[in-house]
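Undergrad: Would you mind keeping the following structure in view while I ask a few things?
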Amino acid sequence: VGADDPRAAIGALRGDGAVVTAVCDAIRSEYLHDETADERDWGGNLLLIKDIATKYIDRCYLPWDASHEAFSVVDLEKNIGCEFDIVCGGERRKVYFGGKADRIDRMEDGSMRIVDYKSGADKIVFDGVPSLFDPRTANSAVLQTLLYAMMLDRGEGLSVTPTLYYARSINRRDY
């Protein structure tokens, strides 16, 4: 976080054990809520999660970032939110949207990018905002990332490009 061009540092992380350590630390803190939990006591499901997450990070996300344009990681796992005015039944009301952004980057040109990591099947096609509310074409990943970008724009005055990283597709030539 904070490096002007982290591509070299990102590339160096591949296969050096730092990814496994970070995944294990995240499992301990975010899932088990026990920083001292011994990996030897984890059940099979947690060991599978650790293995899959490590492979996605090491083989998909890190190579992708290491091979692309200059950017600086500004924040990870950032809680974001914003209050919006709506009219409901003729009355003005306030609605609060909030979430946790996986990653926020500053691009070389000064613009911002919000990255949301996805491990499931990709749904890259986006046919515009109306399609997000049609049950036949709804894409919750796109809606979530657009909402995060809107929250940062309205809440913090940042112009943000929403970005989805699909682990299963990121290494395809047409990604």
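Undergrad: What are the GluC sites (Glu not before Pro) within the stretch 1-100 that DSSP puts in a loop, where the Cβ has at most 12 other Cβ atoms within 10 Å?
TA: Values: sites: 30, 35, 39, 69, 77, 83, 91; in loops: 35, 69.
Here the GluC sites (Glu not before Pro) that fit, given the DSSP loop and packing criteria, are 35, 69.
Undergrad: With label points built 7 Å along Cα→Cβ from the Cα atoms of residue 144 and residue 67, find their separation and express it in nm.
TA: The two pseudo-label positions are separated by 2.5 nm.
Undergrad: Further, regarding this structure: Using alpha-carbon pairs under 8 Å, 6+ residues apart, how would you state the relative contact order of the chain in percent? Mind dumping the intermediate values first?
TA: Details: 250 pairs, mean separation 36.8, N = 175.
It rounds to 21 percent for the chain.
Undergrad: Could I ask something else about it? Using a 1.4 angstrom probe on the protein heavy atoms only, line up 163, 137, 36 by accessible area, largest first.
TA: Details: 163 30, 137 60, 36 115 Å².
From most accessible down to least: 36, 137, 163.
Undergrad: At a threshold of 8 angstrom on Cα-Cα distance, excluding pairs fewer than six apart, so keeping six or more, what relative contact order does the stretch 1-102 reach in percent?
TA: Numbers: 100 pairs, mean separation 35.2, N = 102.
Worked out over the stretch 1-102, it gives 35 percent.
Undergrad: Which residues' amide hydrogens lie under 5 Å from the amide hydrogen of residue 71, considering only partners 5 or more residues apart or on another chain, with H built in the peptide plane?
TA: Excluding prolines and chain starts, which carry no amide H, the hits are 7.
Undergrad: Taking H as built 1.01 Å from N, whose amide H comes closer than 5 Å to the amide H of residue 103, not counting residues under 5 places away?
TA: 77, 115
Undergrad: In addition: Helix-only estimate, please: 222 nm mean residue ellipticity of the chain, summing -39500 (n - 2.57) across DSSP H runs of length 4 or more and dividing by its residues, to the nearest 500.
TA: Values: 5 runs with 51 residues, N = 175.
Taken over the chain, the calculation gives -8500 deg cm²/dmol.
Undergrad: Can you tell me the 0 to 90 degree angle between the C-alpha axis of helix 140-156 and the longest principal axis of the chain, rounded to 10?
TA: 70 degrees
Undergrad: Out of the total accessible area of the chain (probe 1.4 Å, heavy atoms of protein only), what percent is carbon and sulfur?
TA: Working: 5640 of 10790 Å².
For the chain, the apolar C and S fraction of the accessible surface comes to 52 percent.
Undergrad: Quick one: which residues, 5 or more positions from residue 161 or on another chain, have an amide H under 5 Å from its amide H? H modelled 1.01 Å from N in the peptide plane, none for Pro or chain starts.
TA: 112, 113, 114
Undergrad: Report the Cα centroid-to-centroid distance between the stretch 51-72 and the stretch 136-175 in angstrom, as an integer.
TA: Centre-to-centre (Cα) distance: 17 Å.
Undergrad: Moving to a separate point now. For the stretch 123-175, what's the relative contact order in percent, using C-alpha pairs closer than 8 Å and at least 6 residues apart?
TA: On the way: 29 pairs, mean separation 11.5, N = 53.
Computed value for the stretch 123-175: 22 percent relative contact order.
Undergrad: Can you count the Lys pairs in the stretch 1-140 whose Cα atoms are under 19 Å apart, with each pair 8 or more apart or on different chains?
TA: Working: 50/118; 55/118; 78/100; 78/118; 100/118.
Taking the stretch 1-140 as the scope, the lysine pair count is 5.
Undergrad: Still on this structure, I have one more. Convert each backbone phi in the stretch 31-36 into a coupling constant with the Karplus relation 6.51 cos²θ - 1.76 cosθ + 1.60 (shift: θ = phi - 60°), then list the ³J(HN,Hα) values in order as whole Hz, x for Gly and Pro.
TA: Using θ = phi - 60°, the values come out as 9, 7, 6, 8, 5, 9 Hz.
Undergrad: Any chance you could look up the accessible area of residue 109 with a 1.4 Å probe, heavy atoms only, rounded to 10 Å²?
TA: My reading of the accessible area for residue 109 is about 130 Å².
Undergrad: When the Karplus curve 6.51 cos²θ - 1.76 cosθ + 1.60 is applied with θ = phi - 60°, which whole-Hz ³J(HN,Hα) does each residue of the stretch 85-94 get, with x for Gly and Pro?
TA: Per residue, the Karplus-derived 3J(HN,Hα) values read 8, 9, 10, 9, x, x, 10, 7, 9, 10 Hz.
Undergrad: Just to confirm, what accessible area per residue do you get for the chain at 1.4 Å probe, in whole Å²?
TA: On the way: 10790 Å² over 175 residues.
Accessible surface, normalised per residue, equals 62 Å².
Undergrad: With Rg and Dmax of the Cα atoms in Å in mind, check (1) 25.9, 100; (2) 36.0, 130; (3) 18.3, 59 and report the label derived from this structure.
TA: Matching the structure shown: (3).
The values are calculated or read from the model by the stated rules, or taken from the named source; none is laboratory data. None of these values were measured; they are calculated from a predicted model. Neighbour counts are summed over all protein chains in view; Cβ atoms, including those assigned to glycine, are modelled from backbone coordinates with ideal geometry. What goes into the accessible areas is simple: the full protein's heavy atoms, side chains included, and nothing from ligands, DNA or RNA. Shrake-Rupley method; radii C 1.70, N 1.55, O 1.52, S 1.80 Å.
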